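Participant: Following this message is one structure expressed as structure tokens.
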Amino acid sequence: MATASLAYDREAAKKIEEALAEEETVSDNTIKYILFVFASAATIIVFFIIVFLFLQGGSFFAEYNLFEFLTGDIWYATQGYFGALPMIMGTLLTTLGAMVISIPLSILTAIFIAELAPPKLSKYLKLGVELLSGIPSVVFGYFGFVIFNIWVRDLFGLNSGSTWFSGSVILAVMALPTITSVCEDSIRSVPRSYKEASLAMGATKWQTIRNVILPAAMSGIAAAIILGIGRAIGETMALMMITGNCMIVPEPITNMFTCVRTITAAIGLEMGETPAGSLHRRALFALGIVLFMMTLFINVAANIILNRINKKFRGELEEKKQGKIRSNPTFKKIKAFFAHYKGLILRTILLSFIGFVLTTWIGLINAILVILIIVGVMIIIRSISAKNQQRVWYGIIGFASFLVLIALFVIIYYIFFRGLPALMNPEFLIGFPRDSSTAGGMLPAIWGTFLLTLGSVLFSVPIGLLAGIYLSEYAKEGKVTRIIRAGIDNLNGTPSIVFGLFGYMLFVIYFGAGISLIAGQLTLALMILPTIIRTTEEAVSAIPQSFREGSLALGSSKWQSIVKVVLPAAMPGIVTGVVLGMGRAAGETAPIIFTAAVFTTQHLTINPLDPIMALSNSIYILTTNILGGHEYAGGCALVLLFIVLILYGIAFIIRNKYQKKKVW
């Protein structure tokens, strides 16, 4: 009897265990599908952005010829002329000028941080680059409008400093952190064995960097450049404030001291003046389509390159089978010729481009002399000993890194001293605006910025957290996961002005929220969602697998292990991502111009359907539209800069403490 009873008890216990296991499996599967829905949100949002843009702008091409739209050089809406070429060229020229400046500076700075700087200096230089990335674009615009344009005007003897040269320089500083960070990560990802093998063969450290590390990291560097181009093309507020907004194509095309207007600036400046449903408004949405497609192409190219480099270093990138073309002897000879003379060909192309530009500036003879000087310097550097070459390049790299820190210092210095007089007014932080916001206080703008930031985080964090958990813990590499990741990357690269258009059509018009706090919060939440997803995924993925295995061995389900073990360990990284998202939301201007912000108000509101003031919007209007508004604009810029830099500083401190306490 006892034996039978014991057998029965074991069988019953086994059934209970199986039932619990089945229940846990069902529960985990349910959770997995729920998380999948949240992870798909970014892809769905990108899809809806495309649909809304084409619904609003696609009908424009039924009435206006696409070719004339892209190639016409006259934009005169009241007369029915919508030639977008001046704005397309303005966008491309400012971006090109910015890349010419930022690419070499960024690569050299990344080399210094990753390979040459002592650990402590490297850490603080990296912090400087991150702080530079945190400065809001409208603060860059204020600095450019009030200070840098004056420098350009006086230095070159111009009537106005509002030129595409000014826009390119400021844009270069803005794009520099993006390119530097990705280049640094790519350089650090090169296996140490590559460096050790090169040094063991007798190469100097600089020869190792130039001939081994940089070629191995080239795919990542190319992706960094593409991402930097995307960052520059999508910029709105700084270029609206700096470049003069002239609807012309520069003549000659290399004349950097003419004013231009970009696509983003045209949308930002004209959208508020157009009647709903008019051809003019649809033309602006058509410009939005052009801008979105440009950034989409850039983001897709960057993703392809980054995926390729990741596969390469995981050993997954196999040589494809030789096809008829590759096996062709002529093709092989061309490939071998290019491989042998690649450096010479690239240098020739670069010098030819420089020569063409210089010819339009200083004439053919002077341009030839400058090119000969450059070639002579290159020959001299190549002819000196390897150790002396290393000293020369170390000096150049150190100087480039120094320039980055100088740029950060100069911007903060001038913003501080321009904004300090306004903050000396006791009313500024606690009072309400008077006299077109040139007197009194800016408390409603500070309050509105706080509400916009808080609301955007409250909406985005739950979705971003769950999506990040899915990608890290449940997603399997495959077509669906690649689509989700592509959606997140494209959402992250979407220009802020496009988010503004989307938020305006969806929340303000379609849902009838009007210009309101809730419309601005939701639009900003969409913008910072990719940041929350990415940082959550990276933080959760960094937790050792042994943590999960130990929890599962004690009888926890997968979801219980995630909630009780993995997430607490990953919380510092998640919090860092949230703080960075708050910093971005606090500094955004373009999305809230269409959805939430008004210039002045005399009350503090918590009603989600009320419009609000915001520091970023106040900076823009006081700087560009209000006579005598520069002092209070400086005060708003200083307060906003403090807020953003404090948030980034908090993220830096959390990350450092986390790394020190980490025991795995």
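Participant: Does PRO444 qualify as being surrounded by 15 or more Cβ atoms within 10 Å (Cβ to Cβ), touching a residue at least 12 places away in the same chain (Cβ under 8 Å), touching a His at 6+ places or on another chain (Cβ under 9 Å) and under 23 Å from ILE593 (Cβ atoms)?
Facilitator: Against the criterion (surrounded by 15 or more Cβ atoms within 10 Å (Cβ to Cβ), touching a residue at least 12 places away in the same chain (Cβ under 8 Å), touching a His at 6+ places or on another chain (Cβ under 9 Å) and under 23 Å from ILE593 (Cβ atoms)), PRO444 qualifies.
Participant: Regarding ILE380, is this residue more than 21 Å from LEU105 (Cα to Cα), in contact with a Gly (Cβ under 8 Å, 6 or more places away or on another chain) and either at pLDDT 85 or above or not in a helix (DSSP H, G or I) (or both)?
Facilitator: So ILE380 does not fit the description; no.
Participant: Mind checking whether some residue in the stretch 186-200 is of a type in the set (Gly, Ala, Ser) and under 16 Å from ALA386 (Cβ atoms)?
Facilitator: The answer is yes, given that some residue of the stretch 186-200 is of a type in the set (Gly, Ala, Ser) and under 16 Å from ALA386 (Cβ atoms).
Participant: Test of understanding: among PHE547, PHE594, which residue is touching a Ser or Thr at 6+ places or on another chain (Cβ under 9 Å), within 26 Å of ILE532 (Cα to Cα), surrounded by 19 or more Cβ atoms within 10 Å (Cβ to Cβ) and not aliphatic (A, V, I, L, M)?
Facilitator: PHE594
Participant: Moving to a separate point now. What pairs come out if I take residues in the stretch 350-362 that are under 15 Å from GLY97 (Cβ atoms) and pair them with residues that are at pLDDT 85 or above whose C-beta lies under 7 Å away, six or more apart or interchain?
Facilitator: Note: pairs meeting the criteria are ILE354/ILE371; VAL357/THR254; LEU358/ALA367; LEU358/VAL370; THR360/PRO252; THR360/THR254; TRP361/THR254.
Participant: Run GLY272 past the list (1) touching a residue at least 40 places away in the same chain (Cβ under 8 Å); (2) touching a helix residue (DSSP H, G or I) at 6+ places or on another chain (Cβ under 7 Å); (3) surrounded by fewer than 24 Cβ atoms within 10 Å (Cβ to Cβ); (4) assigned to a helix (DSSP H, G or I) and report the number of the one that doesn't hold.
Facilitator: (2)
Participant: How many residues are of a type in the set (Lys, Arg) and outside any helix (DSSP H, G or I) when one looks only at the stretch 224-262?
Facilitator: 1
Participant: If you don't mind, another one. Any residue that is of a type in the set (S, T, N, Q), under 18 Å from ALA422 (Cα atoms), in contact with a strand residue (DSSP E or B) (Cβ under 7 Å, 6 or more places away or on another chain) and in the same structural domain as LEU517 (by TED's automatic domain parsing) - is there at least one of those in the stretch 600-610?
Facilitator: yes
Participant: A further question on this structure: Can you confirm whether GLY167 is assigned by TED's automatic domain parsing to the domain that holds LEU227, crowded, with 24+ Cβ neighbours inside 10 Å, at negative phi and in contact with a Ser or Thr (Cβ under 6 Å, 6 or more places away or on another chain)?
Facilitator: Spelling it out, GLY167 is indeed assigned by TED's automatic domain parsing to the domain that holds LEU227, crowded, with 24+ Cβ neighbours inside 10 Å, at negative phi and in contact with a Ser or Thr (Cβ under 6 Å, 6 or more places away or on another chain).
Participant: How many residues are under 15 Å from THR95 (Cβ atoms) and buried (at least 16 other Cβ atoms within 10 Å of the Cβ) when one looks only at the stretch 251-265?
Facilitator: Residues in the stretch 251-265 being under 15 Å from THR95 (Cβ atoms) and buried (at least 16 other Cβ atoms within 10 Å of the Cβ): 7 in total.
Participant: So, one more: Confirm whether LEU239 is at pLDDT 90 or above and surrounded by 24 or more Cβ atoms within 10 Å (Cβ to Cβ).
Facilitator: Yes; evaluated as a whole, the condition is true for this residue.
Participant: Being surrounded by 20 or more Cβ atoms within 10 Å (Cβ to Cβ) and assigned by TED's automatic domain parsing to the domain that holds SER541 is true for just one of LEU454, LEU471. Which residue is that?
Facilitator: LEU471
Participant: Of SER557, SER618, which residue is over 30 Å from ALA513 (Cβ atoms) and either outside the structural domain of THR264 (by TED's automatic domain parsing) or small (Gly, Ala, Ser) (or both)?
Facilitator: SER557
Participant: If you don't mind, another one. Taking into account only those residues within the stretch 487-541 that are outside any helix (DSSP H, G or I) and free of Cβ contacts under 8 Å to residues at least 60 places away in the same chain, which is nearest to PRO444 (Cα to Cα)? Quick ask: steps written out before the conclusion?
Facilitator: To start, the set of residues in the stretch 487-541 that are outside any helix (DSSP H, G or I) comprises 494-495, 511-516.
If we keep only those that are free of Cβ contacts under 8 Å to residues at least 60 places away in the same chain too, we end up with 511-512.
Working: PHE511: 26, GLY512: 24 Å.
The selected residue is GLY512.
Participant: Further question: Within the stretch 186-210, work out how many residues are touching a helix residue (DSSP H, G or I) at 6+ places or on another chain (Cβ under 7 Å) and assigned to a helix (DSSP H, G or I).
Facilitator: Residues in the stretch 186-210 being touching a helix residue (DSSP H, G or I) at 6+ places or on another chain (Cβ under 7 Å) and assigned to a helix (DSSP H, G or I): 12 in total.
Participant: While we're here: Would you tally the residues in the stretch 151-176 being closer than 12 Å to GLY97 by Cα and in a helix (DSSP H, G or I)?
Facilitator: Of the residues in the stretch 151-176, 11 are closer than 12 Å to GLY97 by Cα and in a helix (DSSP H, G or I).
The values are calculated or read from the model by the stated rules, or taken from the named source; none is laboratory data. The model shown is predicted, which means the values in this text are computed figures rather than measured ones. Virtual Cβ from ideal backbone geometry, glycine too; neighbours counted across all protein chains shown.
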